[in-house]
């Protein structure tokens, strides 16, 4: 078996046009995989310089393999099982700005640099007032980026053609807006001047993005087989699902510079990210939140097994296509295609997604993912969506704790005040008290849900049915 490096594997030298803050599994299996495909299919002809955003990271491992590694895509594609390996060769070098700060700052001096892409975790886009312009480097990601931008501004004497296009991929809504605000805070804190501010505003673009791909990461249990298949000793293999979506809130001229569509990739340039964020939360996270307790209390443990179950599959279909989908405003064919993709992802034969892992903090999840749909459905249809209401009743039942019919433990996990409330309510032994008490908890919902017409009685009715007939029979009653 060969070592993996540029001596043993082909690696094309391409112009360094992208600075990437972050070297973790997600960026390597998503962004770098996308850039690889753009190079192969759209003549993008660009390489990436990776910058490690914190002082401890993986750049030494990457450099040891000359920044070569494989992505292992697994899942269903239009019903066909896919399990392939692709060598990604787009990273030219990886830097640690804490030990290579001069090299890091020199990236700003490269005239061909055009893009900055980041994923520094949800906490990465934050303003740290302790950061100084003279730090080598600033501790925060937005601080480092501001240092880099200011150095570029000075190097090229404010040349408008040397601005950068910036795509944050952190998992926060309107990440680009947040990053831009934070850069402005540093411009003010460090007194960088109106000229630099005007250059940043006019020459650079910071665009909100939504990313979607499940990346399990390093395939510990499969790595020996994978290495044998590759005949390379690759210690940076990263596994990911086939599905990918990158929604970028930017003008169409930006898409001309970043021609992912020409490579047949699911990368959308749109005027507003908001409807796509709502679509993902509603049609991916929304069904997850209610299928988890319904599935577990029906004696099924894995998401895929729920999708294969004769009754639970109908429940998932009802919630997704006949309830939640009815509450969204994007074109129906787009929504239907997305819903079908979600079902293929739920059905991934390579992922054993335990429903108990989804159950953590179910009440706050229902409040953000399903409650808006419940209200919109009621307003549009004049009746409550039975699948979503049953899902809430299932969460309430799950939070009672105890054991399942087969002896498996029911172990809810949430904020202490939620756990105490449910314990006290269930101790009364009265399902009407439980329903009213949960729906009245304004610290969960921000309002009293007993005011939603018919909801209290519907929850009580489902709680009674689950106690008396069991979950599966109750599910059958709404199909």
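Before moving on, here are some points about what is shown:
- Which numbered condition residue 314 fails, given (1) in contact (Cβ under 8 Å) with a residue 40 or more places away in the chain; (2) surrounded by 16 or more Cβ atoms within 10 Å (Cβ to Cβ); (3) in a helix (DSSP H, G or I): (2)
- Some residue of the stretch 365-378 being assigned by TED's automatic domain parsing to the domain that holds residue 298 and not in a helix (DSSP H, G or I): yes
- Pairing residues of the stretch 185-199 that are without any contact (Cβ under 8 Å) to a residue 24 or more places away in the chain with residues that are surrounded by 15 or more Cβ atoms within 10 Å (Cβ to Cβ), at Cβ distances under 7 Å and at least 6 apart in sequence or on separate chains, gives 197/187.
- Enumeration of residues in the stretch 150-169 that are in contact with a helix residue (DSSP H, G or I) (Cβ under 9 Å, 6 or more places away or on another chain) and surrounded by fewer than 18 Cβ atoms within 10 Å (Cβ to Cβ): 151, 154, 155, 156, 158, 159, 160, 161
- Identification of strands (runs of 3 or more DSSP E) wholly contained in the stretch 50-110 with 3 or more residues that are under 30 Å from residue 225 (Cα atoms) and over 22 Å from the mean Cα position of the chain (by Cα) yields 80-88, 91-95.
- Residue that is farthest from residue 467 (Cα to Cα) [pool: residues in the stretch 427-443 that are surrounded by fewer than 20 Cβ atoms within 10 Å (Cβ to Cβ) and touching a residue at least 12 places away in the same chain (Cβ under 8 Å)]: 443
- Single residue of the stretch 392-426 satisfying the filter (buried (at least 20 other Cβ atoms within 10 Å of the Cβ) and without any contact (Cβ under 8 Å) to a residue 24 or more places away in the chain) that is nearest to residue 454 (Cα to Cα): 425
- Residues (more than 19 Å from residue 413 (Cα to Cα) and surrounded by fewer than 15 Cβ atoms within 10 Å (Cβ to Cβ)) located in the stretch 363-385: 379, 380, 381, 382, 383
- Options 238, 206; residue that is over 24 Å from residue 59 (Cα atoms), surrounded by 15 or more Cβ atoms within 10 Å (Cβ to Cβ), in contact with a strand residue (DSSP E or B) (Cβ under 7 Å, 6 or more places away or on another chain) and at pLDDT 95 or above: 206
- Test: residue in the stretch 122-144 that is surrounded by 14 or more Cβ atoms within 10 Å (Cβ to Cβ), more than 22 Å from the chain's Cα centre (by Cα), in contact (Cβ under 8 Å) with a residue 12 or more places away in the chain and not in a loop (DSSP other than H, G, I, E, B): yes
- Residue that is part of a loop (DSSP other than H, G, I, E, B), in contact with a strand residue (DSSP E or B) (Cβ under 7 Å, 6 or more places away or on another chain) and closer than 26 Å to residue 281 by Cα, where the choices are 247, 211, 215: 215
The values are calculated or read from the model by the stated rules, or taken from the named source; none is laboratory data. Values in this document were obtained by computation on a predicted structure and should not be read as measured data. Because the Cβ atoms are built from the backbone with ideal geometry, glycine has one as well, and the counts that use them run over all protein chains shown.
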